[in-house]
Structures are given as C-alpha cells and as structure tokens.
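> One structure, pasted below without further comment.
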Amino acid sequence: MRVVRVIMHVLVLVSLGNHVTSEQQTCTKTSACACQFPDGSGVDLSQLDSNDPQNPQFPDVSPDIGSDQFSWNPCTAFNEGNGCSDVALCDVHQNDKDVTYFPIGTQDTADFSYNSKGQLQITYIYAGTGGAQRQSFISLTCDSTQSALFSATGENPSGSGMYYFDLTSTIACYPMGTSSKSSLSVGSILCIAFVSIIVVYFIGGVVFQLAVKKERGSNLIIHKDVLIAIPGLIKDGTMFIVRRGGTTSEQKKLLR
C-alpha cells in the first residue's frame, strides 16, 4: 500500500503544480506603457504613442455613457485645454457655455494588473487638490486584426470618479516579448518526472522478476496485486467524496 500512497501524493503535487502555473502571472511595470512577465515576454504600447505632448494618440473619444470626451496617450504626458497638463488621460467636459478639462490619470501612476474578467489592465490615478481623486482603468483586449481601437465607457457610476476604457489591439495579444526561451510549468515538470519514474520502476521490476526470480507471464509485473487494487481504491475514494464522508458497508467491515 506504500506504493499507492506515493502515487497518490505525486498526483496531488502534479495537480497543485498545474493549478499554480495556471494562475495569472504578474506583469511588472518597466515604464509608463510597458510591463514584463517573468519569462521575459510582455506588453509594450510605445508604438501606439504619439510622442507629442500637444497631440495625444487618441484625442476626444466619445464614450458609451455621458457626453464627455476622453483623450489618452500611452507613454508621453500631454497637455490639453486649460485644465490638463502633463497627463495620461483627460476628460473633456462640454456644457452649454464652455469646455472644461479634467485630468483623470498621470503616467507616473500607471500600474499593470488584472480586472475581474482576467484581462490585463492599466490603472491610472489623479490626486487633485482637496483630496479629490480620480481613477481610470484601461482593459487590454487582444484582437490580431485590429491595430489599435481605443473605446470609452466613461465614468461609471456617474460621479464616482472611476472611468473605464478598452484598448483593442494586436499589441494586447500578450505575451509578445522578444524572449525565445520556452519554459515548462511546474506541473509539466512533475508530470514528466512522474511518468519517467513509473516507466523506469516497472521496466526495472520486470527485469528483476525475470532475471532474479525467474517469473513468467503476468507475474513479471511487479506489485501486480497493488495495481489490480487501484481501480477499486479510486472508486472507493470517489464514493467517499460523493457521500461527503459516509462509509459503505464494506468500509465499515474494514474499520471493525
């Protein structure tokens, strides 16, 4: 039964390894418009930048909510109107008499994280006078057919100071770094090691049974009784989980 326990423990480790590596990997900020994953790949929006502090790459974009318009430049801080100076994002608010410009994010506050949908997003913050604070969230959506489409949801809910946007682009199809190295996940390494050990173990066992013990036929299989018992053990384990810990009549006999 020790062999069965070892096998079960290894399977648990493999499962945990695959679970850990399937989680979202941190994309560490390397600049206001770029981040890097642990494997060296990453996202770099610099080719979408206007490099012009007077003309943002995405100017005066109309939102889904409200009448305000929004401007964004991924890397270079820009100026717009008489209210937005050295900003990453600007809210252009139009009323009956004039136009007001509100900064809603600066490049130095750019942070890369994941939204509730599992998409990589850039978060910007603008801390105004009097403790007022505005936050902007730009989700990165992969589309290999789209060079760059910047869309605005706007402030949601109204008056919250939280603004939502989306960048749909082939550049958002990360990882897209220059790193050529391919890395195996922890789960993959454990799987390979586990299979290799099992193969060597059984081949060695067959050779031992044949050469030393002079066994023949099915007796060449080492720990044959254990292998035959595994399906039943799996079934019992499954039923134990289904019954939420309940015991069968056969299990009760074994416990006596």
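The values are calculated or read from the model by the stated rules, or taken from the named source; none is laboratory data. What you are looking at is a predicted structure, and each value in this text was computed from that prediction instead of being measured. So basically every Cβ, Gly included, is an ideal-geometry build from the backbone, and we count neighbours across all protein chains shown.
> Within segment 87-114, can you find the residues that are of a type in the set (D, E, K, R) and either under 25 Å from the mean Cα position of the chain (by Cα) or under 19 Å from Ala152 (Cβ atoms) (or both)?
Within segment 87-114, Asp91, Asp108, Asp111 qualify.
> If Leu140 meets every condition in (1) part of a loop (DSSP other than H, G, I, E, B); (2) surrounded by 15 or more Cβ atoms within 10 Å (Cβ to Cβ) apart from one, which number is that one?
The failed condition is (1).
> Another question, if that's okay. Exactly one of (1) under 20 Å from Phe58 (Cβ atoms); (2) in a strand (DSSP E or B) is unmet by Ser113. Its number?
Checking Ser113 against (1) under 20 Å from Phe58 (Cβ atoms); (2) in a strand (DSSP E or B), the one that fails is (1).
> Mind listing whichever residues of segment 63-90 are touching a strand residue (DSSP E or B) at 6+ places or on another chain (Cβ under 8 Å), modelled with pLDDT of 95 or more and hydroxyl-bearing (Ser, Thr, Tyr)?
Ser71, Ser85
> Being charged (D, E, K, R), modelled with pLDDT of 95 or more and either under 29 Å from Leu48 (Cα atoms) or not assigned by the TED database to the domain that holds Ala32 (or both), is that true of even one residue in segment 164-172?
Within segment 164-172, one or more residues are charged (D, E, K, R), modelled with pLDDT of 95 or more and either under 29 Å from Leu48 (Cα atoms) or not assigned by the TED database to the domain that holds Ala32 (or both).
> Also, quick follow-up: Considering segment 50-68 alone, what residues qualify as being over 31 Å from the mean Cα position of the chain (by Cα) and not charged (D, E, K, R)?
Listed by number, the residues that qualify are Pro53, Gln54, Asn55, Gly66, Ser67.
> Also, quick follow-up: Gly154 is checked against (1) surrounded by fewer than 15 Cβ atoms within 10 Å (Cβ to Cβ); (2) at positive phi and fails just one. What number does that condition carry?
Failed condition: (1).
> One residue is enough: does segment 207-230 have a residue meeting the conditions acidic (Asp, Glu), surrounded by 13 or more Cβ atoms within 10 Å (Cβ to Cβ) and at pLDDT 75 or above?
no
> For segment 88-110, name all the residues that are within 23 Å of Thr76 (Cα to Cα) and loosely packed, with under 13 Cβ neighbours inside 10 Å.
Asp108
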